[in-house]
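The values are calculated or read from the model by the stated rules, or taken from the named source; none is laboratory data. Just so it is clear, the model here is predicted, and its values are computed rather than measured. Every residue, glycine among them, receives a Cβ derived from its backbone with ideal geometry; neighbour counts consider all protein chains shown.
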């Protein structure tokens, strides 16, 4: 049954959403949560640490982390370091670095919109950025410093180029070449390899294969030339660095995963929440339009998705950031699902989104009341138990902004006209509301538990002002990054030659041979952990070397790290 036009008493946003409405919604979604919190462990801390080192140490050609070479593709770090330089007068370095996310995310959403418009027409093209931004996995990574976002942007640009090539061959060829180059410069060979299936499928369904094959080769030639602008100077000035980088890329693809039979299902299981609602909409499109599988609009995204899934399953052990590369073809396929969704299913999806996000908004406000006012008392006790020492404070600005956004949500769901786009619009708006409430109301509590700033300051106070060297016992890269970022504490690896001259040893984790360490002449001078960390494996230990103590490099493994 078709969707009938209606004339509500209060006029809401027209569907499909106009350019300004879509732009405001997506901008709110992207900007909220990018700034206002410290670097957090894992990719966020590592990426910010590399960009910070690049901006302050001048290592633009070779990314470094905490003063040590960190062989990696540099494109994301270039942009993030540029933002650090440009906004150093206004924002802390970690907040400025994350502004690179806004650029890559907005471009990815714009390119997926243009690709959908080329494949499916203008009527439902706006569904593409709504579906991509509405994917829960995308929300998570769009707000952390993450190089794969640059690769995702390159992928969406490449898909647009491939579907645009029959109509504007010269522009599309240039765009394709730039996209492939940026994919490599963003995250190495993985983005390039996962683009090859889409290129081949697009060529297979081309009306003029010979011509388009030539254009694709020209695009690859342009990509090689652009990559050479970085690779040749790198080879000239740091051949060992380049060799290490290429060896790491080779090792990734040299051996097939022995667990491919479980790895591919693991990615599919993760997509059930990670790519919601793109995955069910794409599955519906395949079911409804299975007889039209020979058309380019369906075949290119469908076959590309399965090919990328196969590549990730064979070579990349389950990794959330790598799954971002599955989203562009899945979203382009899902747009067809929005256009063909039956009225009953569309209404059910719409009601599900409205109910779930209204409920989650109520949860956010209730927990905020517990954090700030201590009521409900049970929630307040649990919050303090999870993050001991946290004290909530009322912020009029945060309260007012969150209240306005909540009221806009209710206005939107009341006034939206009937349309096949209403369900996905409400889902995206509801997810934006939920994210804004989390990022505004809960952020002080979350950041209190995740930041390493107080712990780093405590370590800095325990160290002498004049310090030659600190050895570390297998500290993860994220911890090396935050210690360097907050207090300029740099270490060397325990088993390196440089550690022989170190008078301090920093250990993270539970020490399993403390007696032998003391017998070797090392004495503990400091111990600490974050307030919410409860396990021995979360502790930091600082040891000082005695006069006749053995060198740190001869002590062996100190911890029970898993």
Self-check item: Conditions (1) at pLDDT below 90; (2) under 15 Å from residue 15 (Cβ atoms): number failed by residue 428
Solution: (1)
Exercise. Please verify whether the stretch 96-116 includes one or more residues that are touching a strand residue (DSSP E or B) at 6+ places or on another chain (Cβ under 7 Å), over 20 Å from residue 328 (Cβ atoms), in contact (Cβ under 8 Å) with a residue 40 or more places away in the chain and not assigned by TED's automatic domain parsing to the domain that holds residue 480.
Key: no
Quiz item: For the stretch 377-421, which residues satisfy the criterion of being in a helix (DSSP H, G or I), over 30 Å from the mean Cα position of the chain (by Cα) and within 30 Å of residue 338 (Cα to Cα)?
Solution: 411, 414, 415
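Let me confirm something: among 46, 24, 13, 50, which residue is at pLDDT below 90 and either within 23 Å of the chain's Cα centre (by Cα) or in the same structural domain as residue 185 (by TED's automatic domain parsing) (or both)?
24
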Quiz item: When residues of the stretch 517-550 are filtered for being farther than 20 Å from residue 476 by Cα and touching a residue at least 12 places away in the same chain (Cβ under 8 Å), how many remain?
Solution: 14
Self-check item: Evaluation of residue 479 against (1) under 20 Å from the mean Cα position of the chain (by Cα); (2) assigned by TED's automatic domain parsing to the domain that holds residue 368 (one fails), failing number
Solution: (2)
Quiz item: Does residue 411 meet the test of being surrounded by 19 or more Cβ atoms within 10 Å (Cβ to Cβ) and at pLDDT below 95?
Solution: no
Quiz item: For the stretch 440-524, which fully contained helices (runs of 4 or more DSSP H) count at least 1 residues that are under 23 Å from residue 68 (Cα atoms)?
Solution: 453-462, 477-487
Quiz item: So which residues in the stretch 356-389 are without any contact (Cβ under 8 Å) to a residue 60 or more places away in the chain, touching a helix residue (DSSP H, G or I) at 6+ places or on another chain (Cβ under 6 Å) and buried (at least 18 other Cβ atoms within 10 Å of the Cβ)?
Solution: 370, 380
Quiz item: Does residue 70 qualify as being touching a strand residue (DSSP E or B) at 6+ places or on another chain (Cβ under 6 Å) and not assigned by TED's automatic domain parsing to the domain that holds residue 481?
Solution: yes
Quiz item: Going by the conditions given, is residue 282 modelled with pLDDT of 90 or more, closer than 17 Å to residue 108 by Cβ and surrounded by 21 or more Cβ atoms within 10 Å (Cβ to Cβ)?
Solution: no
Quiz item: Any idea how many residues of the stretch 188-222 are in a helix (DSSP H, G or I), more than 19 Å from residue 305 (Cβ to Cβ) and in contact (Cβ under 8 Å) with a residue 60 or more places away in the chain?
Solution: 1
Quiz item: Just checking, which of 268, 333 is surrounded by fewer than 18 Cβ atoms within 10 Å (Cβ to Cβ), in contact (Cβ under 8 Å) with a residue 12 or more places away in the chain, under 23 Å from the mean Cα position of the chain (by Cα) and not assigned by TED's automatic domain parsing to the domain that holds residue 413?
Solution: 268
